[in-house]
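Here is the structure we will look at.
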Amino acid sequence: MLTNQALAAEFQVAPEWIVGACGIETRRVVAADQSVCDLAERAAAACLQDAGITADKLGAIIACTGTPHRQFPGVSAEVQKRLNAGSIPAFDVHLASISGLFGLAVANKMCEQWGPTLVVAAETMTRALAQGPRVKETAILFGDGAGACLVTPGDGPLTIRDIRIASDATFSDALRMDFGATLEMDGRTIIMHAVRKLVRCVAELLEANSLRPEEVGLFLFHQANLRLLERIMKELKIQADQCFVNIDKYGNTSSASWLIAAAEARAAGRLRPGMKVVIAAFGAGLSWGAALVEAR
């Protein structure tokens, strides 16, 4: 676990400054002998067990990560091999922060032809930040983690009612990581575009489905930065109890964050039958998206 006390000592700042900047208290860190594939395998296996399905019944696997262990084969190939999933399509979506939602959008269509599609997002962001000079504004944000979901034809515990994704490369260099280098982020640019794009995207999603923000039972945003979430909530007029937040415990786990939040929300009994839930994320590309799902 990476605490604010450890980061404060590293960057010669007060722990209170870190909380004030991002709302994060602790972050999980992958063990020295673990890889991003280990995290993905564990999340995938737990997902399949929860869904009551064995890997040989899968139709496809989509692995979502901005921190793969190598260029190729990808994380998807390793997950497929470890699960003994058979000869099914398996591929990676390589986009930091947003690939989990992009994977969900692809799986929503893919499952109609190929059958149950596993979407697993896993990130080792702390290792990415160890590859070069560390900047406190980014080092304080990120943690490691993984989450997964199974997308099947027809209705399930959560039914996707609408989903939309988009990209605009105009400011793509504002969030980047070159080969062998550390993550680089223009925080001001990213926050500005994240607020604008997510507010517009969620508003358009709600309008298209004749919903008002107060009619949504739960919002599951990419857990990027608590201050960013607060700005989005204010713009959309979302009440605090409508938004599930766990970034204080895990930090920004990139593409895995909303999947981890969804799993915790479900375990906490926050997903009630008939409830409308909005999932939204923003990340590299720059890319963004939102989905409307309904709990069954």
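Run the numbers for Arg161 and Glu184: contour at 0.36 nm per residue of separation, minus the present Cα-Cα distance, in nm.
Value of the extension gain: 4.7 nm.
Among Lys109/Lys276; Lys57/Lys276; Lys109/Lys237; Lys57/Lys197; Lys81/Lys136; Lys136/Lys237, which pairs are too far apart, with a Cα-Cα distance over 27 Å? Provide the component values of the computation, followed by the final result.
On the way: Lys109/Lys276 21 Å; Lys57/Lys276 29 Å; Lys109/Lys237 32 Å; Lys57/Lys197 37 Å; Lys81/Lys136 38 Å; Lys136/Lys237 31 Å.
Table pairs above 27 Å Cα-Cα are Lys57/Lys276; Lys109/Lys237; Lys57/Lys197; Lys81/Lys136; Lys136/Lys237.
Going highest first, how would you order 199-207, 54-62 by mean Cβ packing within 10 Å? Let's see the in-between values first.
Numbers: 199-207: 17.2, 54-62: 19.6.
So the order, starting with the most tightly packed, is 54-62, 199-207.
For Asp50, Asp186, give me the order by solvent-accessible area with a 1.4 Å probe, most accessible first, ignoring ligands, DNA and RNA. Write out the running numbers ahead of the final one.
Numbers: Asp50 100, Asp186 70 Å².
Highest to lowest solvent-accessible surface, that is Asp50, Asp186.
Leaving out ligands, DNA and RNA, what percent of the accessible area of the range 85-224 is carbon and sulfur, probe 1.4 Å? Show your work: numbers first, answer last.
On the way: 3330 of 6330 Å².
Here it works out to 53 percent.
What do you get for chymotrypsin sites (Phe, Trp or Tyr not before Pro) in the range 123-181 restricted to DSSP loop and a cutoff of at most 13 other Cβ within 10 Å of the site's Cβ? Please report the intermediate quantities before stating the final value.
Working: sites: Phe142, Phe171, Phe179; in loops: Phe179.
Hits after loop and neighbour filter: Phe179.
When the helices in the chain are scored as -39500 (n - 2.57) per DSSP H run of 4 or longer and the sum is shared across all residues, what 222 nm value do you end up with, to the nearest 500 deg cm²/dmol?
Working: 11 runs with 113 residues, N = 296.
That comes out to -11500 deg cm²/dmol.
Could you check the spin-label model distance between Ala267 and Glu25? Points 7 Å from the Cα along Cα→Cβ, value in nm.
Distance between the two pseudo-spin positions: 1.6 nm.
What accessible area per residue comes out for the chain, rounded to a whole number of Å², with a 1.4 Å probe? If you can, show how the numbers build up before the last one.
Working: 13300 Å² over 296 residues.
I get 45 Å² per residue for this part.
So which DSSP H runs in the chain come out at 20 Å plus along the axis (Cα) with average Kyte-Doolittle of at least 0.0? Please list the in-between numbers first.
Numbers: long enough: 36-51 (23 Å, 0.57); 99-114 (21 Å, 0.36); 187-208 (31 Å, 0.64).
Span-like helices, by this rule, are 36-51, 99-114, 187-208.
Sticking with the crude label model, points 7 Å out along Cα→Cβ, report the distance from Glu235 to Arg70 in nm, one decimal please.
Spacing of the two 7 Å Cα→Cβ label points: 4.1 nm.
Taking the Cα centre of the chain as origin and charging only Cβ (+1 Lys, Arg; -1 Asp, Glu), how large is the dipole, in debye to the nearest 20?
Around 260 debye, computed over the chain.
Among 265-276, 66-77, how do they line up by average Cβ neighbours within 10 Å per residue, starting with the highest? The partial results should precede the final answer.
Numbers: 265-276: 13.0, 66-77: 18.5.
Order by mean packing, descending: 66-77, 265-276.
The values are calculated or read from the model by the stated rules, or taken from the named source; none is laboratory data. In this text, all values refer to a predicted model and were calculated from it rather than measured experimentally. In this analysis, Cβ positions are derived from the backbone assuming ideal geometry, glycine residues included, and neighbour counts consider all displayed protein chains. To get the accessible areas, we keep the full protein, side chains included, count just its heavy atoms, and leave off ligands, DNA and RNA. Shrake-Rupley method; radii C 1.70, N 1.55, O 1.52, S 1.80 Å.
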